[in-house]
Amino acid sequence: MFSGGVLRSSQQLRGVPLFARQLSTSPRPLLARSYTTSGRPNQLRMGQTRGGGNGQKRPGNNSFLSRFDRINPLALVGAATILISGYMLIIKPYMEWRSELKHRAVERQQEEEKAQAGYTEEQVAKFPFGKKTVVFVLGGPGSGKGTNSSKLVDDFGFVHLSAGDLLRAEQKRPVSQYGELIAHYIREGLIVPHEITIGLLRNAMMDHPESDRFLIDGFPRNLVQAKAFEDSVCKAKKVLYFECPESTMLERLLDRGKTSGRSDDNIESIKKRFRTYVNDSKPVIDEYAKEGKVMTVSCKGSVDDVYKVTHKKMSDFLQALEKTSQQQDAK
């Protein structure tokens, strides 16, 4: 009878929707079901939503804020370290490099403006070159011209102008139109065109209008330079010649090349400079010797001994020059 009752109940429910059947036959409350894409049911209690029992919606697992809940603190520290390292190793050096480029551009512009300004022909014409005492300091490379000139500056108030230093400075000047040309001549041990050298010496003298005494070291290198300087600037009052054996000069230059950083202090350039000195510069000394203008100092001996002789000769020359000047003023 029981089974019949059930049968009758089932027959009575035929045609009734499935949802209504469950309501009428299930002894427990209906469970709300939801299915994932995999087909597995997610069981939730009746009336419960994904946001919680109160029906309020909260961010799901894929929301932006919920992602930070799963980040490892060590990962944050690592990321921050990488960012700081990237700034210190890449960004900061790049910014400093850009700043240096801007600084160099400003300096280059200032140099260019200074070079363009220069001295006018009128200023050159008015400068009293003829009243200046110019002494050429000559000798082979490494004979001690620069060393003794520096001491003469301290003792007699000369302005020391090194033709080589002026040329090297001009070579390094960013806006120089002669930089590459000068570098080639120096590297090959050749004589730079006298127009360039004389122009640099003339401007250097005009940079010191207060001085009446100039030592011009390493110039003239040939007779053409000597004549051009005396025609366009002034005549030299005297020539200080340091006589030194080639073997001694070679030893000094090789020793100096260890620390000087000069491109011409190497054995190949030194040999070329020796040949140029013998062929071109020595005739200059011989020519001035005919005029009685050469003071010869032997480089044999210690540095102090050589300068003692140099000092004596220069002192005698300046005293004689002063005496001659006083006699002319008396007339």
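The values are calculated or read from the model by the stated rules, or taken from the named source; none is laboratory data. Since the structure is predicted, the reported quantities are computational estimates derived from the model, not experimental observations. Virtual Cβ from ideal backbone geometry, glycine too; neighbours counted across all protein chains shown. Areas reflect the complete protein model, heavy atoms only, side chains present, ligands, DNA and RNA absent. Shrake-Rupley method; radii C 1.70, N 1.55, O 1.52, S 1.80 Å.
Just one of the numbered conditions (1) over 37 Å from the mean Cα position of the chain (by Cα); (2) assigned to a loop (DSSP other than H, G, I, E, B) is not true of K227: (2).
Within the stretch 238-266, how many residues turn out to be at pLDDT below 80 and open to solvent by 60 Å² or more (accessible area, probe 1.4 Å)? So the answer is 5.
Just checking, does the stretch 226-236 include any residue being open to solvent by 70 Å² or more (accessible area, probe 1.4 Å), out of contact with any strand residue (DSSP E or B) (no Cβ under 9 Å at 6 or more places or on another chain) and of a type in the set (D, E, K, R)? So far as the stretch 226-236 goes, yes, one or more of its residues are open to solvent by 70 Å² or more (accessible area, probe 1.4 Å), out of contact with any strand residue (DSSP E or B) (no Cβ under 9 Å at 6 or more places or on another chain) and of a type in the set (D, E, K, R).
With respect to (1) hydroxyl-bearing (S, T, Y); (2) within 19 Å of I186 (Cβ to Cβ); (3) open to solvent by 70 Å² or more (accessible area, probe 1.4 Å), the lone exception for T276 is condition (3).
Applying the selection to the stretch 279-295, what residues are closer than 22 Å to T147 by Cβ and either free of Cβ contacts under 8 Å to residues at least 40 places away in the same chain or open to solvent by 60 Å² or more (accessible area, probe 1.4 Å) (or both)? K282, the sole residue that qualifies. The number of residues in the stretch 192-224 being in a loop (DSSP other than H, G, I, E, B) and surrounded by fewer than 19 Cβ atoms within 10 Å (Cβ to Cβ) comes to 8.
In the stretch 307-318, the residues that are hydrophobic (A, V, I, L, M, F, W, C) reach residues that are in a helix (DSSP H, G or I) and surrounded by 15 or more Cβ atoms within 10 Å (Cβ to Cβ) with C-beta atoms within less than 9 angstrom, at least six apart or across chains, in these pairs: M314/L152; M314/F156; L318/F156. Filtered by the rule that a residue be farther than 19 Å from A105 by Cβ and either aliphatic (A, V, I, L, M) or modelled with pLDDT under 85 (or both), the stretch 162-177 gives A163, L166, L167, A169. Annotation note: Cβ proximity below 8 Å between a residue of the stretch 145-173 that is aliphatic (A, V, I, L, M) and a residue that is in a loop (DSSP other than H, G, I, E, B) (sequence gap 6+ or interchain) occurs for L152/F158; V159/H208; V159/S211; A163/G218; A163/F219; A163/R221; L167/V192. Could you tell me whether any residue of the stretch 166-185 is surrounded by 14 or more Cβ atoms within 10 Å (Cβ to Cβ) and more than 26 Å from the chain's Cα centre (by Cα)? So far as the stretch 166-185 goes, no, none of its residues is surrounded by 14 or more Cβ atoms within 10 Å (Cβ to Cβ) and more than 26 Å from the chain's Cα centre (by Cα).
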